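Note sheet for the following structure.
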Amino acid sequence: MGYKNKKRHVGIIGIGETKFSSHREDVNQPEMIHEAVRRALDDAGLQIDDIDCVVHGNMELFEMVHQADMWHTIGTGAYGKSAFRLTTGGTTGGTLVCGADNLVASGMYDVVMAIGFEKLQEGHTTGGITNMADPLWARKLQSGALTAQAAVKLIAEFGEERARRAAMTYRIIMDKHACKNPNAHRAFHLEWDQIDDLMKHSPPLIGDLRLIHMCSQSDGACAIIFASEKKAREISDTPVWIRDHITIHREETLNLHNNFYPIQTTHRFAAEKLYERNGIENPLEYFDVFEMYDPSAWWGVDWLRDFFLLEGDQHIQMVENHDIMIDGKMPINPSGGVIATNPIGATAMVRVAEAAKQIRGDAGEHQIPGKVEHGLASSFGGTMWTVLTMLEKETNW
Amino acid sequence: MQKDDFSKSYVVEGKLALPYTYFAGRLGSTFLTTIRDQQKIMGVRCNQCSKVFVPPRQTCERCLSDIRENWVTLENTGEVINFTVVREHDKHLPRKTPYILGMIRLDGADTPMVHIIEGVNPESVSEGMRVKAVFAAESEGTILEIDHFIIS
């Protein structure tokens, strides 16, 4: 693997999120993006002239627009600056962070702003997703993004009752977190005594995947400002350091590599590699917060096992024991996560932004009560695409 | 929660039709026309890695050897190594739901290919089932030259 240590540390010094919602008829795309840009600049105490380079991204084709980075300049502030566009599907926001981190770490730029956005109400997501498959061999056979595969797997392993209850417990925990986050799109104020009713009566989408389990379609944007260590310490009292990131992906419609590599999810593979090269022996003990890209409650439960390298039913127990709650042993998504808020091109970046806010200690009502020094954020995209990012409060690793 | 104010906010409705052309390339063309004219499924072999790929490709994805000349004829039979059931209907789909999409490894091939599985109901399909290709009655010019695979 071509991984090399960084030339210099890179810190997050500014974070801006819009309020996320189902639609934003009152603003066009560059206007909506500008809300996040303005908040990130204000958060860092910077002017647009202080930014050396802008990295922009969202889901290709989702709004049926092309070269949006160019005509969004009026909202992004990229006029006269170096600018790049990155678009890696669901992981776009995570890749934007990787790109900005690499641009600063390389010494090319001192201050870089990354921007992820989506206005899902403006386009046709299935149209965009269907264009992902190889046009010759897979397009005629492509289905869509919704799948109950994780539900089938969990039920087969742990039985209907335990698996369904774990998924709905996860869902209610995420809603309780979303209710604390003023930027969250959907916060229903679900109560524990609704579990049985929701397990039976939430409208089914596919198999055991019900409407309540699934993420939203959201509009919104996120901007993060990154700086070299010297600049970061000058500008910010609470910079959050990007320790490392890893990207693992696999095309699965043609299943090209299935015969050559062990059958393992890209999540688990990424986690193993990342922890190994950073000397993390027990990720559950090491990390204080994990912002997971969890597109449904079923996936959220299932992927806990992969990301923390767990065996047996440890991941189910974490949910059953409420260890994943904001005041639990391993808080997952104090922001409410992706089920509450999913503006896709921004979603993975919001994971990093939210984990960084937890480390800064200024997340507000959804701040984790205990100490937060080590953060983990994941990104997910199709067909199986993982980006994992490690954040740190100090540079003593 | 505060209600959003969308007054004086005009929404423009529109629709785009997006026709496209995709060039199959010589290998892809041979693969498709051989199925159409001879009802024969061909793959290509990388001698260095000892792997047979289907659908064919010009270079081995591992060692990047040029393997375009190394055609091998595969059996029309194979094994289901994985599957999913498509349950949600959408107008772009090739069948009425529910139907089964499987990863099928043809006898003689090392890589699986995705295709429709028929002859078994979604509740009974399982990994390891044997299948046989059923070719399309009318030429489609796509991977649907094979109409589906049937449980044998």
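The values are calculated or read from the model by the stated rules, or taken from the named source; none is laboratory data. Model, not experiment: these values are computed from the prediction. With ideal geometry, Cβ positions are generated from the backbone for all residues, glycine too; neighbour counts draw on all protein chains shown.
Listed values, structure above:
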quantity: Candidates A:Ala297, A:Ala227 - the one that is farther than 30 Å from B:Val85 by Cα and in contact (Cβ under 8 Å) with a residue 60 or more places away in the chain; calculated: A:Ala227
quantity: Qualifying residues in region A:142-184 (those that are free of Cβ contacts under 8 Å to residues at least 40 places away in the same chain and within 14 Å of another protein chain (Cβ to nearest Cβ)) - the one nearest to B:Thr84 (Cα to Cα); calculated: A:Gln149
quantity: Pair list, Cβ under 7 Å, 6 or more apart: region A:17-33 residue under 14 Å from B:Tyr10 (Cβ atoms), other residue assigned to a helix (DSSP H, G or I) and among the aliphatic types (A, V, I, L, M); calculated: A:Arg24/A:Met32
quantity: Selected residue [crowded, with 16+ Cβ neighbours inside 10 Å, of a type outside the set (S, T, N, Q), more than 10 Å from chain A (Cβ to nearest Cβ) and over 19 Å from A:Ala138 (Cβ atoms)] from B:Val80, B:Val120, B:Val131; calculated: B:Val120
quantity: In region A:49-72, the residues that are surrounded by fewer than 17 Cβ atoms within 10 Å (Cβ to Cβ), assigned to a helix (DSSP H, G or I) and touching a residue at least 24 places away in the same chain (Cβ under 8 Å); calculated: A:Trp71
quantity: Answer residue from region B:103-114, given it is more than 10 Å from every other protein chain (Cβ to nearest Cβ) and of a type outside the set (Val, Ile, Thr) and is nearest to B:Cys49 (Cα to Cα) among those; calculated: B:Gly108
quantity: Residue in region B:51-69 that is in a strand (DSSP E or B), within 8 Å of another protein chain (Cβ to nearest Cβ) and surrounded by 13 or more Cβ atoms within 10 Å (Cβ to Cβ) present; calculated: yes
quantity: Residue within region A:158-171 that is modelled with pLDDT under 95 and among the β-branched types (Val, Ile, Thr) present; calculated: no
quantity: Odd one out for A:Glu17, checked against (1) farther than 25 Å from A:Ile339 by Cβ; (2) of a type in the set (Asp, Glu); (3) in contact with a Cys (Cβ under 9 Å, 6 or more places away or on another chain); calculated: (1)
quantity: Number of positions in region A:73-83 that are outside any loop (DSSP other than H, G, I, E, B) and within 18 Å of A:Gln29 (Cβ to Cβ); calculated: 5
quantity: Output for region B:115-144, where each listed residue is under 21 Å from B:Val52 (Cβ atoms) and not in a loop (DSSP other than H, G, I, E, B); calculated: B:His115, B:Arg130, B:Val131, B:Lys132, B:Ala133, B:Phe135, B:Ile143
quantity: Index of the failed condition, A:Ile332 passing every other in (1) more than 21 Å from A:Phe158 (Cβ to Cβ); (2) surrounded by 19 or more Cβ atoms within 10 Å (Cβ to Cβ); (3) touching a strand residue (DSSP E or B) at 6+ places or on another chain (Cβ under 6 Å); calculated: (1)
quantity: Counted residues, region A:364-397 - those being buried (at least 22 other Cβ atoms within 10 Å of the Cβ), at pLDDT 95 or above and of a type in the set (Gly, Ala, Ser); calculated: 4
